[in-house]
Amino acid sequence: MRSYKAKAVEPIHLPPRDDRGAALDAAGHNVFNLASEDVFVDLLTDSGTGTMSDAQWAGLMRGDESYAGSRSFQRFREAVAEVMGFDRVVPTHQGRGAENVLFGTLLEEGDAVLNNTHFDTTRAHVANQGADAVDCPVEAPWSAGESGQFAGNFSIEAGWETVEEYGRDAIPVVVLTITNNSAAGQPVSMANVRETAAFAEEIDALFVIDACRFAENAHFIKTREAEYADAPLADIAREQLSHADAITMSGKKDALSNIGGFVGVRDADLFERCKQRAILYEGFPTYGGLAGRDLEAMAVGLREAVEPPYVQERVEQVATLGGLLAERGVPIVTPTGGHAVYVDAAEMFPQIPADQFPGQRFVCELYREGGVRAVELGSFAFPDADRPEFVRLALPRRTYWREHLEHVAETAATVREKADEYVGLEVTWEPPMEELRHFSAELEPVA
Ligand SMILES: Cc1ncc(COP(=O)(O)O)c(C=O)c1O
């Protein structure tokens, strides 16, 4: 049962099947090129797509748009301190802005950054400073099965191997991404947070948490790590972050807002350096590229994100979608993570080779069959990586109801029933940067 009811609604409609086919052709078989009004259930991302509460909308009206020292910034700073335990905070326009501010301040050419798994923008910002982004995942979450209780963890063993390779002086930063988005949204245990913090301390590196989904991760700790079963969710959420020297945050996730991000740091000198870089790239450090009203929305959203009924329903809704798909024989990664269900398209379409993008074919057919938009995270999105052919169905927060999830599952089941009828796709146009091709490339069915 949801612990909220709708106060404002946004109409959606399912265009006729022929129109969906025509829209797909016009989009070059790339759903990023679709108009949102042609999409019925939009599971492209959980980032900035959620529904704000009435308290957040009220916060927008309180927005103080002063260039410097606004009341909105004070309220935002208090919320970050109270919910996340960081007193020194620099707002940014979104998560990647926070990455630019922090990593641009900390890294030099030739450095290496260790992370349980770098999210794409994190990897890009590390690379942008001339540093190497090294992943240290504990196990492949796609093979974790039911035993994968904390399949998002950082592997300390892999961490030490990387220290041997680069030498400790070349590793100024160790990052832990909670939950681990690039590893199927799998959670990280509190024990692993502690171990990774100790590892970072031992090699004299700054310990950074990418806290985008800190509330969802706290829920997994509460439900899966015995010693936290009776601890209040808000305490667990703060305890995870108490081990970090700094955090980067996309407010578009667990601050329940449509835009915004920030860096939190403990050290006064690092804070000053981050503020200077923020002025260059984001804006004056009391607004960071945001309107005062955006800071208000994040301040309220952060507090709502650690309310137990909200986060429990959030994570359970993802599990419900996973269950509906699995019941219909759609191959998914289990157990499901915090924000999305991942479908294994290679298992769905064994006749389509990786270089003909089985995941992208599944994405296209989900749209054609039911107006559902998802995203490919396999060979099309990551051309050079040896990754499974995943399609991610990400749930916006507080937005869809069970009927929508049933529609998604029925649509996926229809595609599965016809699986052997489909051929692969080939790229007909792509942008110069291959790493960014899945956002805008165009494709057509293989002849
Ligand atoms: C783990 C993680 N880090 C960083 C980011 C970047 O945040 P933003 O999209 O707000 O720039 C994302 C966004 O999806 C993310 O999932």
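Computed from the coordinates by the stated procedures, all read-outs in this text should not be read as laboratory data. Just so it is clear, the structure is predicted and the values come from calculations on it, not from any experiment. A quick note on method: Cβ atoms are made from the backbone with ideal geometry, for glycine too, and the neighbour counts reach across all protein chains shown.
Looking only at segment 54-305, where both bridge partners belong to it, what percent of the DSSP beta bridges are antiparallel (to the nearest 5)? It would help to have the intermediate numbers written out before the result.
Numbers: 12 of 27 bridges.
Restricted to segment 54-305, the bridges split so that about 45 percent are antiparallel.
For the peptides 309-320, 389-400, 243-254, the ranking by mean Cβ contacts within 10 Å, running from highest to lowest, is 243-254, 389-400, 309-320. Once the Cα atoms are used to define both axes, helix 95-106 deviates from the longest principal axis of the chain by about 40 degrees. Structural descriptor for the chain: relative contact order 23 percent, calculated from alpha carbon pairs under 8 angstrom and at least 6 residues apart. Note that segment 249-261 has calculated 3J(HN,Hα) couplings of 9, 9, x, 6, 9, 7, 9, 6, 10, 8, 7, x, x Hz, one per residue in order, obtained from phi through the Karplus relation 6.51 cos²θ - 1.76 cosθ + 1.60 (θ = phi - 60°); glycine and proline are x. Annotation: amide H of L176 within the under-5 Å range of V208, I209, D210, sequence separation 5 or more or interchain, hydrogens built in the peptide plane. Between 0 and 90 degrees, the angle of helix 268-281 with respect to the longest Cα principal axis of the chain falls at about 50 degrees.
If you take every DSSP beta bridge fully contained in the chain, what fraction is antiparallel? Give it as a percent rounded to 5. The antiparallel fraction comes to roughly 60 percent. The angle between the Cα long axis of helix 358-370 and the main principal axis of the chain comes to about 70°, on a 0 to 90 degree scale.
Shape analysis of the chain yields a ratio of the Cα radius of gyration to the Kirkwood radius, Rg/Rh, of 0.96. The peptide list 274-286, 9-21, put in order of mean Cβ contacts within 10 Å with the highest first, becomes 274-286, 9-21.
Comparing Cα centroids, segment 199-252 and segment 377-432 end up 30 angstrom apart.
Database remark: amide H of F357 closer than 5 angstrom to the amide H of L425 (H placed geometrically; neighbours at sequence offset of 5 or more, or on other chains; Pro and chain starts carry no H). The stretch between L280 and E139 holds 46.8 nm of extra length on full extension. This uses 0.36 nm per residue minus the Cα-Cα distance. Residue by residue, segment 180-193 carries 3J(HN,Hα) couplings of 8, 4, 6, 10, 6, x, 7, x, 10, 7, 5, 4, 6, 4 Hz when phi is fed to the Karplus relation 6.51 cos²θ - 1.76 cosθ + 1.60 (θ = phi - 60°); x denotes Gly or Pro. Expressed as a whole percent, the proportion of Cα-Cα pairs in segment 54-305 lying more than 29 Å apart is 26%. Relative protection proxy for 433-440, 369-376, 200-207, 72-79, from highest mean packing down: 369-376, 72-79, 200-207, 433-440 (other beta-carbon atoms within 10 angstrom). Each residue of segment 7-19 is assigned a 3J(HN,Hα), and the resulting list reads 10, 10, 10, 10, x, 10, 9, 9, x, x, 3, 4, 5 Hz, derived from the Karplus form 6.51 cos²θ - 1.76 cosθ + 1.60 (θ = phi - 60°), x at Gly and Pro. Annotation: amide H-H contacts under 5 Å for N30 (H modelled 1.01 Å from N, sequence separation of 5 or more, or interchain): L443.
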